[in-house]
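Chemist: This structure is in structure tokens; I'll ask about it shortly.
The values are calculated or read from the model by the stated rules, or taken from the named source; none is laboratory data. Model, not experiment: these values are computed from the prediction. Cβ atoms come from the backbone with ideal geometry, glycine included; neighbour counts cover every protein chain shown.
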Amino acid sequence: MQRRTITRRSALGLWGLGAAAGVAALSGCAAPATDGLGKERTVTIGSKGFAESWIMGELYAQGIEALGYTVALKTNIGSTEIINTALQAGQIDLYPEYTGVILVVLAGEERLMDSAEETFELARAWEAEQGITTLNATPFENKNAIAVTEEFAAQHGLRTMSDLRGIGDFTYSTYPENVTGGQGYEGIVDTYGLDNMQLKTLSIGLNYQAIERGEIQAADVFTTDPQLSRSNLVVLEDDLKLFGFQNVVPLMRDDAFDAVDDDVPAFLNELHSLLTVDAIRVLNAAAAVNRLDPAQVAQTFLRENHLI
């Protein structure tokens with residue numbers, strides 16, 4: 001695969017940010033490449049159509065390529081249903097997916113899970129029935145959350161979403177597509193009894209500007225948003241677990257898993273162990289805010305952590 005050379009200036013721009021978050025503190029090392037049957041086949045990796053998935057796809061591709069495999073990376077494949085169909089059909093061998101998405105979107109599970117571990121185990125069991133191997137989950141989750149300013153949290157003693165009950169009327173903002181549904185505005189009001197939460201709809205990304213200007217008091221955010229690392233916002237605990245659990249796991253078709261050597265799952269598991277929420281926010285910021293190519297972002301992270 002062709003890779004752009006990362007410049008010293010780009011590396012410093014990314015890792016000046018990363019050092020503050022401590023994302024390169026661990027010094028793991030990928031297993032050395034071995035000569036096996038897997039090296040003779042191309043490993044095809046897929047990703048969805050947003051920055052975090054592009055970065056994850058690049059991390060997988062560059063790390064596996066460094067082990068001596070021929071790698072093909074297909075980006076922007078599409079929705080969960082589309083990329084999962086591509087995996088099942090053999091068009092790709094591997095892609096990153098969210099555990100809660102596996103259960104809700106693919107397996108059709110409707111009940112709420114009690115923990116990230118339960119979500120992972122159920123997702124892994126369901127995927128095994130489909131002929132898919134699930135490897136280790138990341139520490140980080142990318143899921144919806146409600147954030148308020150530090151001042152507003154201190155004023156009302158807010159730590160959890162349940163604490164929002166009884167504080168008087170306040171305004172919450174989310175994007176228009178997230179008003180209805182069990183995890184949208186209506187679902188939050190119903191589950192948490194927040195009749196005092198008024199709604200203002202804004203396009204994705206405008207919530208941060210609105211809450212900083214005081215136009216709203218609570219904002220719908222994603223837990224891996226890069227803005228959260230640079231803001232004075234407090235993410236409230238989802239104490240009733242409405243938003244579920246969304247750790248990332250590598251999904252690999254069983255026949256592809258059997259064809260590669262042990263170095264591939266060893267690398268993927270070690271990589272995932274490094275991906276804390278602080279780390280992924282820095283990587284997302286490098287791509288979405290600093291406008292670095294996801295390939296450059298992934299390359300720097302892998303090198304700093306001695307994985308390539």
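Chemist: In the list Gly193, Gly182, which residue meets the criterion of being closer than 26 Å to Glu110 by Cα, under 26 Å from the mean Cα position of the chain (by Cα), touching a residue at least 12 places away in the same chain (Cβ under 8 Å) and surrounded by 13 or more Cβ atoms within 10 Å (Cβ to Cβ)? Please lay out each step first, then the result.
Modeler: Numbers: Gly193 fails: under 26 Å from the mean Cα position of the chain (by Cα).
That would be Gly182, the only listed residue that is closer than 26 Å to Glu110 by Cα, under 26 Å from the mean Cα position of the chain (by Cα), touching a residue at least 12 places away in the same chain (Cβ under 8 Å) and surrounded by 13 or more Cβ atoms within 10 Å (Cβ to Cβ).
For every residue, the table says whether it meets (1) in contact with a Phe, Trp or Tyr (Cβ under 9 Å, 6 or more places away or on another chain); (2) at pLDDT 95 or above.
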position: Glu212; (1), (2): no, no
position: Gly244; (1), (2): no, no
position: Asp262; (1), (2): no, yes
position: Ser273; (1), (2): no, yes
position: Thr276; (1), (2): yes, yes
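Chemist: For residues that are over 15 Å from the mean Cα position of the chain (by Cα) and assigned to a strand (DSSP E or B), tally how many sit in region 47-102.
Modeler: 6
Chemist: Could you tell me which numbered condition Ala107 fails, if it satisfies all but one of (1) on the phi > 0 side of the Ramachandran plot; (2) touching a helix residue (DSSP H, G or I) at 6+ places or on another chain (Cβ under 7 Å)?
Modeler: Every condition holds for Ala107 apart from (1).
Chemist: Only residues in region 108-125 that are in contact (Cβ under 8 Å) with a residue 40 or more places away in the chain count as the first member; pair them with residues that are surrounded by fewer than 17 Cβ atoms within 10 Å (Cβ to Cβ), Cβ under 6 angstrom, at least 6 apart or cross-chain, and list the lot.
Modeler: Leu112/Lys241
Chemist: Something else about it: Pick from region 75-100 the residues that are buried (at least 20 other Cβ atoms within 10 Å of the Cβ) and among the aliphatic types (A, V, I, L, M): which of them is nearest to Ala137 (Cα to Cα)?
Modeler: Per the stated criteria, the residue is Leu94.
Chemist: Restricting attention to region 155-170, does a residue exist that is among the hydroxyl-bearing types (Ser, Thr, Tyr), crowded, with 22+ Cβ neighbours inside 10 Å, in contact with a strand residue (DSSP E or B) (Cβ under 8 Å, 6 or more places away or on another chain) and closer than 30 Å to Ala218 by Cβ?
Modeler: No, there is no match, as no residue in region 155-170 is among the hydroxyl-bearing types (Ser, Thr, Tyr), crowded, with 22+ Cβ neighbours inside 10 Å, in contact with a strand residue (DSSP E or B) (Cβ under 8 Å, 6 or more places away or on another chain) and closer than 30 Å to Ala218 by Cβ.
Chemist: Considering only residues that are part of a helix (DSSP H, G or I), under 15 Å from Arg253 (Cα atoms) and not aliphatic (A, V, I, L, M), which ones fall in region 103-153? Step through it out loud before you land on a result.
Modeler: Here is the first cut: in region 103-153, the residues part of a helix (DSSP H, G or I) are 103-106, 116-129, 150-153.
When the remaining residues are screened for being under 15 Å from Arg253 (Cα atoms), the result is 123-129.
Selection gives Arg124, Trp126, Glu127, Glu129.
Chemist: What is the one condition in (1) surrounded by fewer than 21 Cβ atoms within 10 Å (Cβ to Cβ); (2) at pLDDT below 95 that Glu304 does not satisfy?
Modeler: Unmet condition: (2).
Chemist: Could you please give the count of residues in region 53-109 that are touching a Leu at 6+ places or on another chain (Cβ under 9 Å) and of a type in the set (Phe, Trp, Tyr)?
Modeler: 2
Chemist: Another one. Restricted to region 249-301, and to residues that are crowded, with 22+ Cβ neighbours inside 10 Å and aromatic (Phe, Trp, Tyr), which residue is nearest to the chain's Cα centre (by Cα)?
Modeler: So, considering only residues that are crowded, with 22+ Cβ neighbours inside 10 Å and aromatic (Phe, Trp, Tyr), the one nearest to the chain's Cα centre (by Cα) is Phe301.
Chemist: With the requirement that a residue be of a type in the set (Val, Ile, Thr) and under 16 Å from the mean Cα position of the chain (by Cα), what does region 106-133 give you? Before the answer, list the steps.
Modeler: Pass one, region 106-133, residues of a type in the set (Val, Ile, Thr): 119, 132-133.
Of everything in region 106-133, just one residue is of a type in the set (Val, Ile, Thr) and under 16 Å from the mean Cα position of the chain (by Cα), namely Thr119.
Chemist: Look through region 196-208, keep the residues that are of a type outside the set (Phe, Trp, Tyr) and not in a loop (DSSP other than H, G, I, E, B), and return whichever of them is modelled with the lowest pLDDT.
Modeler: Asn207
Chemist: Go through region 143-164 residue by residue and tally those that are within 16 Å of Lys241 (Cβ to Cβ) and within 19 Å of the chain's Cα centre (by Cα).
Modeler: Of the residues in region 143-164, 4 are within 16 Å of Lys241 (Cβ to Cβ) and within 19 Å of the chain's Cα centre (by Cα).
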